[in-house]
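Scroll down for the structure; my scribbles are underneath it.
Nothing in this text is a laboratory measurement; each read-out follows from the coordinates by a stated rule. Since we're looking at a predicted model, the values are computed, not measured. Heads up, the Cβs are rebuilt from the backbone with ideal geometry, glycines too, and the neighbour counts pull from every protein chain shown.
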Amino acid sequence: MNYPELQDDSYRFLVTGAAGFIGVNISLKLIELGQFVVALDDLSTGKQENIDKIAAAAGYTGRFRFIKGDIRDRAVCMEATNGVDYVLHQAALGSVPRSIADPITSTEVNLMGTVNMLTAAKEHKVKKFVYASSSSVYGDAPALPKIEGNEGTTLSPYATGKLGDELFAANYHRVYGLPTVGLRYFNIFGPMQDTESAYAAVIPIFVRELLAGRAPTINGDGETSRDFTFVDNAVQANIKAALSGDKSSGKSFNIACGRRATLNELYQKIALLLGKDITPVYATERPGDVRHSLADISLARDLMGYAPEIDFEKGLELSIQWYKDALG
Ligand SMILES: NC(=O)c1ccc[n+]([C@@H]2O[C@H](COP(=O)([O-])OP(=O)(O)OC[C@H]3O[C@@H](n4cnc5c(N)ncnc54)[C@H](O)[C@@H]3O)[C@@H](O)[C@H]2O)c1
């Protein structure tokens, strides 16, 4: 994907959560595009090795600065946004089960942390504040595909926090004129997604267990479906959102592929790519999980020019190759 707007200019992008999975992928792409990256992360779930990768990619250009800090600290948010053109706010405590186990910390980080970032971005008059929302904001709305505007009731503190982020962002746009864009990610996967955390996502868990020769657990009957989205598509969405005009401001957009696969299908494909013949274990469904998820991506396409370039199958191949090289 080419971004003509970035060809002749170097902008300063603040990527929060840059030590995490999506943040490191965004940061590496921005460095490749000749941009300056300010990375903010408290390394609570993210990894120093991801920061080291970004620093190495920036190399002699010096177009990189890392701030180790917490988005709950308003002074840190002010320091990080100083002189920044665009904010790509990814920092959060991910995972629905984590938020059910500890709703207070999740909400302090995911909701108040975002309000702190919005406030700092408004003070420094950034050009665009792009932030990670989530498909979980659709909650119990059963209709497929999910369309912006047809949200149901949220099913977890995590989802409620993300919905709160969207309300505050729209509000900061209306009240203070801050151009904000929310990205409702649908099950993002790809290289550098953490396999070790107790709250790891389904694809890294399947890979970790299969590589170790263990039988992975599938929650429910495996017919739960998701719109699995390769991380390069999320990276593209962030850059397109930053560069999009006024028409995207104050809004939230589905970021996905517009296709769904069941956990059973996913499992079979991963097992095949890893060359493993292991029968999974089926367990009870997790509280807070929705049964099916599939996005309508036409709003992001129409208002920001978003067009996913890597589909589910190709993305899985790229991811499994990366995991084999990194862990195999
Ligand atoms: N991965 C997905 O499928 C998915 C789906 C929907 C939404 N999201 C959202 O996308 C964003 C990025 O997700 P990810 O998968 O890269 O998660 P991740 O856990 O890999 O990265 C999150 C990063 O935020 C950092 N962080 C956490 N609390 C912080 C704090 N208080 N101050 C500063 N940094 C802090 C962590 O150290 C980590 O590096 C998150 O907002 C997440 O909620 C992700």
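Considered as an equivalent ellipsoid built on the Cα gyration tensor, the chain has semi-axes of 30, 22, 19 Å, the largest given first. Local charge for A242 was computed over the other residues whose Cβ lies under 11 Å away, with Lys and Arg +1 and Asp and Glu -1, and equals +1.
For helix 157-176, report the angle its Cα long axis makes with the longest principal axis of the Cα atoms of the chain; keep it between 0 and 90° and round to the nearest 10°. Rounded to the nearest ten degrees, it is 20.
Can you give the relative contact order of the range 122-248 as a percent, counting alpha carbon pairs under 8 Å and 6+ residues apart? Walk me through the numbers before you get to the answer.
Working: 139 pairs, mean separation 35.6, N = 127.
Result for the range 122-248 is 28 percent.
Each peptide in 132-143, 227-238 was scored by the mean count of other Cβ atoms within 10 Å over its residues; highest first, the order is 227-238, 132-143.
Mind giving me the FRET efficiency for E313 and A101? R0 is 35 Å, r the Cβ-Cβ distance, nearest 0.05 is fine.
Once rounded, the FRET efficiency stands at 0.55.
Using every Cα-Cα pair within the range 1-157, state what percent have a distance larger than 20 Å. Above the 20 Å cut-off, the range 1-157 has 53 percent of its Cα pairs. For the range 108-152, the Cα gyration tensor yields ellipsoid semi-axes of 28, 13, 7 Å (square root of five times each eigenvalue, largest first, whole Å). For K247, go through the lysines and keep the ones whose alpha-carbon is under 22 Å away, minus same-chain ones fewer than eight residues off. Within the straight-line cut-off, K247 pairs with K122, K125, K127, K128, K146, K162.
With a simple spin-label model that places each label point 7 Å from the Cα along the Cα-to-Cβ direction, the separation between D140 and D277 comes to 4.5 nm. As a length-normalised measure over Cα pairs under 8 Å and 6 or more apart, the relative contact order of the chain settles at 17 percent. Taking Cα atoms only, the orientation of helix 21-32 departs from the longest principal axis of the chain by about 50 degrees. Multiplying the residue separation of I67 and N2 by 0.36 nm and subtracting their alpha-carbon distance yields 20.5 nm.
Maximal additional length on extending the S10-A75 stretch stands at 20.8 nm, based on 0.36 nm per residue less the C-alpha distance. Apply the Debye scattering formula to the range 225-325, with a single equal point scatterer on each alpha-carbon and no solvent, then give log10 I(q)/I(0) at q = 0.10, 0.18, 0.25 Å⁻¹. Debye curve over Cα of the range 225-325, log10 I(q)/I(0) at q = 0.10, 0.18, 0.25 Å⁻¹: -0.36, -0.94, -1.29. Within a straight-line Cα-Cα reach of under 22 Å, K276 can be paired with the following lysines, leaving aside sequence neighbours fewer than 8 residues apart in one chain: K314, K324.
Length, then width, then depth: along the principal axes, the Cα atoms of the range 140-274 run 54, 30, 27 Å.
Under the criterion of Cα pairs below 8 Å and six or more residues apart, the relative contact order for the range 1-138 equals 25 percent. Note on the range 142-206 and the range 1-72: Cα centroid distance 21 Å, given to the nearest whole angstrom. Can you check what the Kirkwood hydrodynamic radius comes to for the range 155-200, Cα pairs only, in Å to one decimal? Final number for the Kirkwood radius of the range 155-200 is 13.0 Å.
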